[in-house]
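A.B. asks: Have a look at this one before I ask anything.
Each value in this text was obtained by applying a stated rule to the coordinates, not by laboratory testing. Computed from a prediction, not measured in an experiment: that's the story for all the values here. Don't worry about glycine lacking a Cβ; one is built from the backbone with ideal geometry, like all the others, and counts go over all protein chains shown.
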Amino acid sequence: MPELPDLAIVADALHAALAGRAIVRAEAPAPLAMRGTPTELAALVGQELREVHRRGKFILLELERDRIAVNAMLTGRFQLAAPGDKRPPSTAVVLAFGPRLSPPRHAARWTKGAAWLPADTAEAEVRYRDPSQMGKVYLLPAGVARPVAGLDDDQGPDADSPALTLDVWRERIRRHPGELKSLLRNQAFVAGIGNAYSDEILHAAKLSPMRRRSSLAPEEVDALYAATRTTLEHAIGILRERVPPTFERQVRDFLAVHLRGGEPCPRCGTRLTEISSRSEATTWCRGCQR
Ligand SMILES: [Zn+2]
């Protein structure tokens with residue numbers, strides 16, 4: 001499942017590649033993934049893309065009039081491609097963009113001059129594919145009130161947001177007494193963390209996924225904050241190097257513990273424990289996570 005680091009790369013890349021271009025074609029080969037009408041989809045054509053950004057686990061495309069929100073859920077992926085490139089199976093929605101009309105404002109520094117950026121004069125496509133069809137592409141035309149589950153009122157601050165200071169973290173965490181793994185994945189607490197990065201953060205913080213927040217000492221609350229920030233920052237740095245130009249690929253082989261059950265802990269050498277519930281794995285070290 002794409003999480004904050006994966007989607008941060010996608011948002012930066014799509015913004016750098018496509019902002020400042022107008023949509024020239026909009027198709028939904030697998031319309032089940034789309035929340036919106038064919039008329040609304042057709043009305044996207046001609047609109048310039050102003051910005052692509054991430055909020056929690058959503059990718060948002062801000063057009064000159066309308067807006068698109070994508071929740072990729074388990075298997076949704078984004079591909080940046082030239083119009084002639086072969087489409088991957090299970091392609092659900094395709095937006096084709098014309099030549100660049102204006103330079104993208106506020107493009108992330110790491111994308112500047114990247115070899116994978118389409119030429120300003122060329123067309124470029126973003127394709128959303130989703131083999132499990134669990135994800136959703138919400139068309140949000142101006143003036144149409146279409147609820148997007150989990151997007152607006154239901155989310156806490158992004159886990160990497162400058163607004164999430166240590167003081168804000170200490171204040172918010174008081175309201176969540178449960179187990180730490182569930183806490184980190186609770187989008188109402190902080191947004192963007194899922195099953196894989198919650199394991200990584202807890203390992204970095206030396207805290208067990210089963211620990212209850214109510215049992216944490218103040219310095220452990222602070223350690224969890226520091227581990228959240230450094231783990232996400234570290235992952236984003238690696239993904240910037242490893243993911244482009246195949247933005248549809250999920251790179252996870254550098255993770256320290258998640259899905260490495262039975263292997264030695266990279267910190268203390270203890271064999272890592274892994275349990276699965278509802279087909280989601282939790283991996284941790286009984287040797288150094290308390
Ligand atoms: Zn260990």
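A.B. asks: If the reach is capped at under 18 angstrom between alpha carbons, list the aspartates and glutamates near LYS112, excluding any in the same chain fewer than eight residues apart.
C.D. replies: ASP12, GLU51, ASP120, GLU241
A.B. asks: Nearest 10 degrees is fine. How inclined is helix 218-242 to the longest principal axis of the chain, computing both from alpha carbons?
C.D. replies: Between the helix axis and the principal axis of the chain, the angle is about 40 degrees.
A.B. asks: Here's a follow-up. Using the C-alpha atoms of the chain, what convex hull volume per residue, in cubic angstrom, is computed?
C.D. replies: Given the Cα convex hull of the chain, per-residue volume reads 134 Å³.
A.B. asks: Give me the extension gain from ARG25 to LEU74: residue separation times 0.36 nm, minus the current Cα-Cα distance, reported in nm with one decimal.
C.D. replies: So the extension gain works out to 15.0 nm.
A.B. asks: Loop only by DSSP, 15 or fewer other Cβ within 10 Å of the Cβ. Give me the chymotrypsin sites (Phe, Trp or Tyr not before Pro) in segment 92-123 that pass, ordered by residue number.
C.D. replies: Taking segment 92-123 and a limit of 15 other Cβ atoms within 10 Å, the loop chymotrypsin sites (Phe, Trp or Tyr not before Pro) found are TRP116.
A.B. asks: So who's got an amide H within less than 5 Å of the one on GLU51, skipping anything under 5 residues away but keeping other chains? H placed 1.01 Å off N, in plane.
C.D. replies: Amide H neighbours of GLU51, under 5 Å, 5+ apart: GLU62.
A.B. asks: Across every pair of different alpha-carbon atoms, what Kirkwood hydrodynamic radius in Å does segment 206-285 reach?
C.D. replies: Roughly 14.6 Å, rounded to one decimal.
A.B. asks: Continuing with this model, one more query. Taking the Cα centroid of segment 217-235 and of segment 74-151, what is the distance between the two, rounded to the nearest whole Å?
C.D. replies: 32 Å
A.B. asks: Are there trypsin sites (Lys or Arg not before Pro) in segment 75-173 that DSSP puts in a loop and that have at most 10 other Cβ atoms within 10 Å, and which ones?
C.D. replies: Answer in residue order: LYS86, ARG105, LYS112.
A.B. asks: Quick one: 3J(HN,Hα) in Hz for segment 11-22, Karplus 6.51/-1.76/1.60 with θ = phi - 60°, rounded, Gly and Pro as x.
C.D. replies: 4, 4, 5, 5, 4, 5, 7, 10, 5, x, 10, 9
A.B. asks: Excluding residues fewer than 8 places away in the same chain, name every one of the lysines whose C-alpha is closer than 24 Å to that of LYS136.
C.D. replies: Reachable lysines: LYS57, LYS86.
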